[in-house]
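The values are calculated or read from the model by the stated rules, or taken from the named source; none is laboratory data. Not measured: the values here are computed from a predicted model. Every residue, glycine among them, receives a Cβ derived from its backbone with ideal geometry; neighbour counts consider all protein chains shown.
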Amino acid sequence: MTTKKVDINEFLDKQKEVKKWEDNYLKKSGKRRLPNYVIFKDGYRARISDWIDAVKRYTAFMQTKGYVPKYVNVVVYKPEAKPTPKPEATYYYPTTTFTQDVGSGCFGCTWIPNKNKKHCGVDVDRGDVGKAVRSIADGKVVYVTDPENDDDWDYGVGIKHNINSETYYTISWHLEKIKVKTGQTVKAGQQLGVIGKVDPGQYTGVAHLHFGVSRSFSTKGALYPSEFPGPFIEPFAFLKKIGAKK
């Protein structure tokens with residue numbers, strides 16, 4: 001609460017507004033009433049009781065001095081600070097195309113007999129060697145692993161995300177030119193690496209991105225995506241739901 005010097009022109013305009021409000025209320029309800037407060041151009045507001053006191057002082061001044069003052073002191077409250085709107089989160093597809101055309105028609109885990117392993121996630125972007133792979137959202141890298149851990153999977157990156165106040169993990173495999181490291185914080189759309197070449201004996205034998213979205217994480221799953229605990233989420237519908245951009 002503070003005292004504000006209100007310019008006389010604005011003061012007189014507010015007097016007219018208050019009178020108009022009072023007349024309209026009386027016309028609609030048959031009762032006489034004043035508004036709860038008066039709001040000035042700069043957002044400051046005066047309680048009606050403080051406004052009435054200011055009007056009384058103005059009237060007394062006019063009666064004793066006989067001329068119009070330049071301003072009138074009014075007890076007011078500072079404008080309420082408007083909360084800064086939180087920017088909406090931006091999400092991205094792992095690649096600018098993200099096309100499922102490799103032949104892994106599942107998003108869960110399918111047993112691969114010739115490898116004696118499970119295939120968890122989807123294979124996308126067939127043959128796009130060198131295409132940039134991005135983080136779908138802000139997050140923290142929980143692991144970066146390489147062919148020395150499992151030469152069936154090449155380089156892989158796992159990231160923990162908070163998306164719409166829920167925890168998700170993404171895995172991206174068969175990468176090269178890794179640009180992040182374990183423990184690093186990443187931003188949505190930040191490049192993780194590029195789609196790399198795969199050995200002819202690996203599944204399709206064609207370069208592609210192996211991508212999965214899961215609700216949980218394990219160290220073993222970090223080294224072997226086939227052991228990632230899941231449950232896995234259908235990524236195409238998930239990315240569409242969160243409004244991901246290509």
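For Thr97, work out the one condition from (1) assigned to a loop (DSSP other than H, G, I, E, B); (2) farther than 30 Å from Tyr168 by Cβ it doesn't fulfil. Every listed condition holds for Thr97 apart from (2).
The conditions of being at pLDDT 90 or above, farther than 19 Å from Ile233 by Cα, assigned by TED's automatic domain parsing to the domain that holds Trp21 and part of a loop (DSSP other than H, G, I, E, B) are not met by Tyr58. Exactly one residue among Lys160, Lys70, Lys118 is at pLDDT 90 or above and touching a strand residue (DSSP E or B) at 6+ places or on another chain (Cβ under 6 Å), and that residue is Lys160.
Among all positions in segment 13-23, there is at least one residue which is among the hydrophobic types (A, V, I, L, M, F, W, C) and in contact (Cβ under 8 Å) with a residue 12 or more places away in the chain. When Val180 is tested against (1) within 19 Å of Thr95 (Cα to Cα); (2) of a type in the set (Val, Ile, Thr); (3) modelled with pLDDT of 90 or more; (4) not in a loop (DSSP other than H, G, I, E, B), just one condition goes unmet, and that condition is (4). Can you find even one residue in segment 38-49 that is more than 43 Å from the chain's Cα centre (by Cα) and either at negative phi or not in a helix (DSSP H, G or I) (or both)? For segment 38-49, residues more than 43 Å from the chain's Cα centre (by Cα) and either at negative phi or not in a helix (DSSP H, G or I) (or both): present.
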